[in-house]
């Protein structure tokens, strides 16, 4: 059975970037857009899974994004 991992993009308003939280050992990401963030997952995750966990088959990565929005009521 294929393993499932997660990567969460969390908005850091002070730095104006998306930062990562993940259960993939060694995966630490930061980007200005979610599109770039997803590209970075696809680029770095396979090598990290292979080198750190000896996983060489397809896995599922659940990707979520979290951002707090403060709005004024009308």
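Read-outs: derived from the displayed coordinates by stated rules, not from any lab. Bear in mind that the values here come from a model prediction, so they are computed numbers and not experimental data.
Per DSSP H run of at least 4 residues, take -39500 (n - 2.57); add these up for the chain, divide by its residues and hand me the 222 nm value, nearest 500 deg cm²/dmol.
Values: 1 runs with 20 residues, N = 74.
Roughly -9500 deg cm²/dmol at 222 nm, from the helical runs in the chain.
For the chain, what is the relative contact order in percent, using Cα pairs closer than 8 Å and at least 6 residues apart in sequence? Could you put the intermediate results ahead of the total?
Numbers: 108 pairs, mean separation 28.2, N = 74.
Relative CO of the chain lands at 38 percent.
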Q: Let me know the Kirkwood hydrodynamic radius for the chain, please, with Cα pairs as the basis and the value in Å to one decimal.
A: 13.3 Å
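Kindly work out what percent of the DSSP beta bridges joining two residues of the chain are antiparallel, to the nearest 5.
Beta bridges within the chain, antiparallel portion: roughly 55 percent.
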